[in-house]
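Contents: one structure, followed by commentary.
The values are calculated or read from the model by the stated rules, or taken from the named source; none is laboratory data. For clarity, every value in this text was computed on a predicted model and none was experimentally measured. Neighbour counts are summed over all protein chains in view; Cβ atoms, including those assigned to glycine, are modelled from backbone coordinates with ideal geometry. In case anyone asks, the SASA skips ligands and DNA or RNA and just uses the protein heavy atoms, side chains included. Shrake-Rupley method; radii C 1.70, N 1.55, O 1.52, S 1.80 Å.
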Amino acid sequence: MSVPLRFRLNDEDIEIQVKDPGAPLLDVLRHDLGLTGTKSGCEIGYCGACTVIVDGEAVPSCLQMAGLLEGRDVRTIEDLGGPGGLDPVQRAFVEEAGFQCGFCTPGHVMALRALLDEDAAPDEERLRTTVDGNYCRCTGYVKILDSARRAVALQAGAGETGAGETGAGETGAGDVESAPGQELR
């Protein structure tokens with residue numbers, strides 16, 4: 001028996017029928033709604049590949065029960081950018097080459113978008129904490145952090161100063177980065 005579910009998805013009010021209100025939002029997005037930009041990684045809320053924004057907060061969609069979305073606001077990677085161009089976070093990832101295979105990129109972009117929506121000028125520690133919450137098996141996180149810094153600059157309208165320019169205590173391209181779950185210093 002299907003259950004009606006009404007929520008706001010990417011700036012549109014929708015109503016869908018879900019067979020199982022306990023199903024993860026990730027499955028509803030990918031299978032019921034055909035929005036495949038959100039990736040399925042660990043399915044236990046740890047890797048960050050499935051990150052979406054729910055009511056302004058970055059959440060792992062693999063842990064968000066669809067039935068709890070009634071009346072809530074959900075944003076996916078498909079909501080960013082558009083005919084007017086890329087979102088500043090997307091643009092930063094392109095300009096700084098912040099991806100390799102691209103599998104983790106939507107999760108990183110959505111986590112950083114949520115951070116910048118909350119805090120337009122996050123400090124280095126908040127950027128690192130946000131990036132650290134998403135696994136990337138291809139990079140050493142240097143380019144992802146450069147992309148995060150660049151996104152801050154682009155959003156502030158200072159798009160000509162490269163995020164790759166590092167200040168005291170920041171990581172440059174020659175520095176070694178640690179894996180997720182380890183402290184990034």
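Give me the residue from segment 112-125 that is more than 20 Å from L80 (Cβ to Cβ) and part of a helix (DSSP H, G or I) and, out of that set, most open to solvent (accessible area, probe 1.4 Å).
E125
Among D20, D13, D27, which is without any contact (Cβ under 8 Å) to a residue 60 or more places away in the chain, part of a strand (DSSP E or B), of a type in the set (D, E, K, R) and open to solvent by 50 Å² or more (accessible area, probe 1.4 Å)?
Working: D20 fails: part of a strand (DSSP E or B); D27 fails: part of a strand (DSSP E or B).
Going through D20, D13, D27 in turn, the sole match is D13.
From the set of residues in segment 138-160 that are touching a residue at least 12 places away in the same chain (Cβ under 8 Å) and open to solvent by 50 Å² or more (accessible area, probe 1.4 Å), which is nearest to D87 (Cα to Cα)?
Q155
Out of all the residues in segment 36-65, which are of a type in the set (S, T, Y), over 13 Å from the mean Cα position of the chain (by Cα) and surrounded by 21 or more Cβ atoms within 10 Å (Cβ to Cβ)?
Across segment 36-65, there are no qualifying residues.
What residue, of V94, V109, V131, V89, is at pLDDT 85 or above, outside any loop (DSSP other than H, G, I, E, B) and open to solvent by 10 Å² or more (accessible area, probe 1.4 Å)?
Numbers: V109 fails: open to solvent by 10 Å² or more (accessible area, probe 1.4 Å); V131 fails: open to solvent by 10 Å² or more (accessible area, probe 1.4 Å); V89 fails: open to solvent by 10 Å² or more (accessible area, probe 1.4 Å).
Going through V94, V109, V131, V89 in turn, just one is at pLDDT 85 or above, outside any loop (DSSP other than H, G, I, E, B) and open to solvent by 10 Å² or more (accessible area, probe 1.4 Å): V94.
If you take the residues in segment 66-86 that are on the phi > 0 side of the Ramachandran plot and in a loop (DSSP other than H, G, I, E, B), which one is most open to solvent (accessible area, probe 1.4 Å)?
Restricting attention to segment 66-86, the residues satisfying the condition of being on the phi > 0 side of the Ramachandran plot are 71, 81-82, 85.
Filter again for in a loop (DSSP other than H, G, I, E, B), leaving 71, 81.
Working: G71: 71, G81: 36 Å².
Residue satisfying both the conditions and the ranking: G71.
Given the conditions (1) more than 20 Å from Q17 (Cα to Cα); (2) aliphatic (A, V, I, L, M); (3) not in a loop (DSSP other than H, G, I, E, B), which single one is not true for A49?
For A49, the exception is condition (3).
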